[in-house]
1. Quick check, is A60 out of contact with any helix residue (DSSP H, G or I) (no Cβ under 9 Å at 6 or more places or on another chain), modelled with pLDDT of 95 or more and small (G, A, S)?
2. In region 3-35, what count of residues is obtained for those that are among the aliphatic types (A, V, I, L, M) and within 23 Å of P49 (Cβ to Cβ)?
3. Anything in region 6-34 that is surrounded by 11 or more Cβ atoms within 10 Å (Cβ to Cβ) and hydroxyl-bearing (S, T, Y)? List them, or say none.
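The values are calculated or read from the model by the stated rules, or taken from the named source; none is laboratory data. In this text the structure is predicted, and so the values were computed from the model without any measurement. Virtual Cβ from ideal backbone geometry, glycine too; neighbours counted across all protein chains shown.
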Amino acid sequence: MIRIDDEMWELYGQLCAEEGTTRTDELRRHIHSRVRAYCKAKGLEPPKPRLIVRRKKPAADSD
């Protein structure tokens, strides 16, 4: 869990939306990039990429 003020979080969401992404995807890419760079600098084997399966949220009942 990360803590960030509401105003910053909202603006970050707007920024990401304008760039055609989400906060989650943006943070994930940033973390992966930093870890790959760290592993390269330290001569470590980076973690193997994992397949991410996106699941749709179940539709709300209209009854």
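1. Numbers: out of contact with any helix residue (DSSP H, G or I) (no Cβ under 9 Å at 6 or more places or on another chain): yes; modelled with pLDDT of 95 or more: no; small (G, A, S): yes.
When the stated conditions are applied, A60 does not pass them.
2. Taking region 3-35 first, the residues among the aliphatic types (A, V, I, L, M) are 4, 8, 11, 15, 17, 27, 31, 35.
With within 23 Å of P49 (Cβ to Cβ) added as a condition, the list becomes 27, 31, 35.
Selection size over region 3-35: 3.
3. Y12, T21, T22
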